[in-house]
1. Grab the Cα-Cα distance for L192 and D116, subtract it from 0.36 nm times how many residues apart they are, and report the gain in nm with one decimal.
2. Of the GluC sites (Glu not before Pro) in region 104-204, which ones lie in a loop per DSSP and count no more than 16 other C-beta atoms within 10 Å?
3. Quote the relative contact order of region 72-204 in percent (integer), defining contacts as alpha-carbon pairs under 8 Å separated by 6+ residues.
4. Can you give the angle from 0 to 90° between the axis of helix 44-57 and the longest principal axis of the chain, with both taken from C-alpha atoms, to the nearest 10?
5. Which whole-Hz ³J(HN,Hα) couplings does region 70-77 yield from phi under the Karplus relation 6.51 cos²θ - 1.76 cosθ + 1.60, θ = phi - 60°, glycine and proline marked x?
6. With +1 assigned to the C-beta of every Lys and Arg and -1 to the C-beta of every Asp and Glu, and no other charges, what is the dipole magnitude of the chain about the Cα centre in debye, to the nearest 20?
7. Given 0.36 nm per residue, what is the gain on full extension from R12 to T91 after removing their alpha carbon distance, in nm?
8. Binned at 10 Å from 0, what are the whole-percent values of the Cα-Cα distance distribution for region 8-82, short to long?
Amino acid sequence: MKPAPESAHTQRWQLKPGDVLLVTDIQNDFLLGGSLAVAGGDEVVPVLNRYIGAFEKQDLPVYATRDWHPAGHCSFREQGGPWPVHCVAGTHGAKFASALRLPHFTILISKATSPDQEAYSSFQGTDLDHHLRAAGIRRIFIGGLTTDYCVLNTVRDARKLGYEVMLLTDAIRAVDVQPNDGQRAEEEMMQLGARPITLEGMSA
Ligand SMILES: [Zn+2]
């Protein structure tokens, strides 16, 4: 089989010191069979594993974020929120996908852990910014779930905080509560200065 010709839009990129991979919310409840399953969510797992491999190879840090709600969280419908019960701390639904190969050195960030606070951004109410600054991080590679909520809001905060952002467009999927929410979110992230990349564009 001939390899697909490289798209004119494929941006070349290379990892360097100061880069971090932020694997966002690859949890059972957002995947097939989960209470808030995202269409195509499972497809990003093998792709993220390849990004993880590239970061490992270059001894660069990997962070994994998770929605980590108490029972009765304000975002649940039973409390008047928009979502079905999902990612309750300690349950199977809150666990990372078993197919996700997180390295032993992965740093975990749990968010929306208080009953009365929603947090779509991984910076909100967490020590992520503190961790990244202490580690000398300047550029965040972000992928995971979901494009139109946690990825979008994390990118908004990352840009406000002055980080460069590389958006892994082959490793994100949207909830699309409204049609094209995901596409609009991607456009907004580009406008904020996030650079869209795919695995194809990686230079050794
Ligand atoms: Zn949640």
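The values are calculated or read from the model by the stated rules, or taken from the named source; none is laboratory data. Quick caveat: nothing in here was measured; it's all calculated off a predicted structure. Here the Cβ positions follow ideal geometry from the backbone for every residue, glycine too, while neighbour counts run over all protein chains shown. All accessible areas refer to the heavy atoms of the entire protein, side chains included, with ligands and DNA or RNA removed. Shrake-Rupley method; radii C 1.70, N 1.55, O 1.52, S 1.80 Å.
1. Values: separation 76, 0.36 × 76 = 27.36 nm, distance 2.92 nm.
Full extension of this stretch gives 24.4 nm more.
2. Numbers: sites: E118, E164, E186, E187, E188, E200; in loops: E118.
Here no GluC sites (Glu not before Pro) fit, given the DSSP loop and packing criteria.
3. Values: 169 pairs, mean separation 23.0, N = 133.
About 17 percent, as a whole number.
4. Helix 44-57 sits roughly 60 degrees off the main axis of the chain.
5. Computed from phi, the couplings for region 70-77 are x, 4, x, 5, 5, 7, 7, 4 Hz.
6. Working: 19 positive and 24 negative charges, 117 e Å.
About 560 debye.
7. Working: separation 79, 0.36 × 79 = 28.44 nm, distance 4.00 nm.
Gain in length upon complete extension: 24.4 nm.
8. Each 10 Å bin holds this share of Cα pairs: 15, 36, 28, 16, 5.
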